[in-house]
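Input: a single structure, listed below in structure tokens.
The values are calculated or read from the model by the stated rules, or taken from the named source; none is laboratory data. Computed from a prediction, not measured in an experiment: that's the story for all the values here. Don't worry about glycine lacking a Cβ; one is built from the backbone with ideal geometry, like all the others, and counts go over all protein chains shown.
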Amino acid sequence: MRRFSAEYIYTGNEILKRGIVETDDFGKIIKLIDTGGKFEEQQSLEFFNGVIVPGFINAHCHLELSHMKGMIDNKSGRGLPGFIDEIISKRNFPENLQEQITKADKEMRLKGIVAVGDISNTDDSFTVKKKSDIFYQTFIESFTISDEKVDETFNLAKENYNKLKDLKLSGTIVPHAAYSVPDRLYRMISDFESEKTKIVSVHNQETPGEDELVKNKTGALADVLTDKGFLLDEFSYPGNSALEVNLKYLNKRDNILLIHNTFSKNEDVEYAENFSDNIYWVFCPLSNLYIENTLPDISMFFKKSVKTCIGTDSYASNTELSVLSELKVITENFPEIPFDKLIESATLNGAKALKIEERFGSIEIGKTPGINLISSFDFEKMTLKSESKVKVLI
Ligand SMILES: [Zn+2]
């Protein structure tokens with residue numbers, strides 16, 4: 001058994017001043033004490049000068065791209081179209097890929113991440129996931145360049161899905177983005193095991209050209225895709241925005257994780273929230289700065305009290321895989337968002353999005369959420385500082 005206390009415990013849904021949390025030897029929470037701030041030194045209690053938070057949920061990553069650190073030029077000013085251009089031509093499969101994936105998995109755990117919503121276009125990351133201390137919800141991602149390729153593409157996705165199931169790992173087949181999935185493929189993905197309630201993720205409105213492309217099949221994104229062999233005439237794009245196209249195909253009873261939302265506007269948020277109660281808005285701010293050199297209007301989402309989550313994206317567009325670093329950049333740019341709401345996004349909301357809130361996401365009796373300490377915290381403003389650090393306690 002271990003007993004921890006700190007200046008504050010953010011449980012995921014409440015804040016306890018100098019509270020005490022007790023766990024068994026396996027990290028399961030067995031007791032949570034609200035001392036009302038009146039704390040006395042007790043035996044066998046580990047007290048920390050910082051704040052205790054639940055283990056982080058990284059709602060969006062591509063573990064299999066862990067070898068791509070620094071490979072994509074982020075100074076071109078070409079945004080996502082430039083990124084797609086480079087990733088298609090530069091993606092390789094080096095001999096030490098497994099080593100790099102293992103390293104990234106270990107790094108995430110050291111940074112306090114306990115569960116990840118992770119995109120897989122291949123099966124490269126599966127064996128690492130199987131052995132990992134981290135829980136992975138895998139999104140087997142599908143896209144293709146033309147209608148002719150749909151059957152082959154979907155069969156490959158199903159093959160990877162079966163490999164995942166053989167390893168007893170959790171996952172679903174998902175679309176990549178509104179612009180890269182032909183009509184027939186999107187229907188196959190939506191219809192696949194549709195008798196089950198699923199967890200679906202899709203990249204959404206990451207670049208301004210996305211909406212222009214689905215509306216008019218023109219713009220910088222359309223140009224790059226055409227250049228890469230996409231037969232855009234064969235894509236039907238039934239909607240006036242990328243978001244509308246996605247929601248046209250997706251099932252409202254599934255958990256829908258919308259990734260990035262860099263250019264989503266007020267009316268887009270309203271549209272999606274009217275469509276379903278199971279929308280999760282996932283933000284990967286460091287990746288957005290890397291690729292598009294801009295951030296979503298994250299404040300707008302928090303003001304609306306919609307369900308927000310945090311992702312790191314991959315080493316192709318980030319220099320580290322740390323949820324805390326993502327929270328810091330949000331704090332720097334949107335200081336009006338309260339710290340407890342950021343923690344809720346980085347923990348409980350992510351756990352709900354991945355349907356693992358029975359185990360993860362909050363410090364509550366019976367859960368094994370992982371426990372992190374954030375040190376160098378700004379107690380005056382009750383917020384993160386640029387030098388804030390995370391340490392895994394359990
Ligand atoms: Zn992504």
Notebook entry, point to check: Within the bounds of region 203-216, is there any residue that is β-branched (Val, Ile, Thr) and surrounded by 16 or more Cβ atoms within 10 Å (Cβ to Cβ)?
Noted result: yes
Next item on the list: State yes or no: is Glu14 in contact with a strand residue (DSSP E or B) (Cβ under 8 Å, 6 or more places away or on another chain) and of a type outside the set (Lys, Arg)?
Entry: no
Next item on the list: Say whether the condition of being assigned to a helix (DSSP H, G or I), free of Cβ contacts under 8 Å to residues at least 12 places away in the same chain and surrounded by fewer than 19 Cβ atoms within 10 Å (Cβ to Cβ) is met by at least one residue in region 123-132.
Entry: yes
Note to self: Pull out all pairs, ordered by first then second residue, where Cβ-Cβ is under 8 Å, the residues are six or more apart or on different chains, the first lies in region 191-216 and is in the same structural domain as Ala242 (by TED's automatic domain parsing), and the second is of a type in the set (D, E, K, R) and assigned to a loop (DSSP other than H, G, I, E, B).
What the structure shows: Thr197/Arg253; Thr197/Asp254; Lys198/Asp254; Ile199/Asp254; Ile199/Lys355; Val200/Asp254; Glu206/Glu292; Thr207/Glu292
Next item on the list: Mind checking which helices (runs of 4 or more DSSP H) fall wholly inside region 247-334 and carry at least 1 residues that are on the phi < 0 side of the Ramachandran plot, surrounded by fewer than 24 Cβ atoms within 10 Å (Cβ to Cβ) and away from the ligand (no atom under 16 Å from the Cβ)?
Entry: 266-275, 298-303, 323-333
Margin query: I need the full set of residues from region 217-239 which are assigned to a loop (DSSP other than H, G, I, E, B), without any contact (Cβ under 8 Å) to a residue 40 or more places away in the chain and on the phi < 0 side of the Ramachandran plot, in order please.
Written below: Thr218
Note to self: Looking for something touching a Lys or Arg at 6+ places or on another chain (Cβ under 9 Å), modelled with pLDDT of 95 or more and either charged (D, E, K, R) or assigned to a helix (DSSP H, G or I) (or both) - is there at least one such residue anywhere in region 87-98?
What the structure shows: no
Notebook entry, point to check: Could you count how many residues in region 102-119 are in a helix (DSSP H, G or I) and within 16 Å of the ligand (Cβ to nearest atom)?
Noted result: 2
Checklist line | Hits in region 45-84 (condition: at pLDDT below 90 and away from the ligand (no atom under 16 Å from the Cβ)) | finding: Gly70, Asp73, Lys75, Ser76, Gly77, Arg78
Note to self: On the basis of being surrounded by fewer than 22 Cβ atoms within 10 Å (Cβ to Cβ), modelled with pLDDT of 95 or more, more than 19 Å from the chain's Cα centre (by Cα) and assigned to a loop (DSSP other than H, G, I, E, B), does Glu364 make the cut?
What the structure shows: yes
Next item on the list: Look at Val174 and say whether it is touching a helix residue (DSSP H, G or I) at 6+ places or on another chain (Cβ under 8 Å) and under 20 Å from Val116 (Cα atoms).
Entry: yes
Note to self: Filter region 240-286 down to the residues that are without any contact (Cβ under 8 Å) to a residue 24 or more places away in the chain and touching a strand residue (DSSP E or B) at 6+ places or on another chain (Cβ under 9 Å) and list them by number.
What the structure shows: none
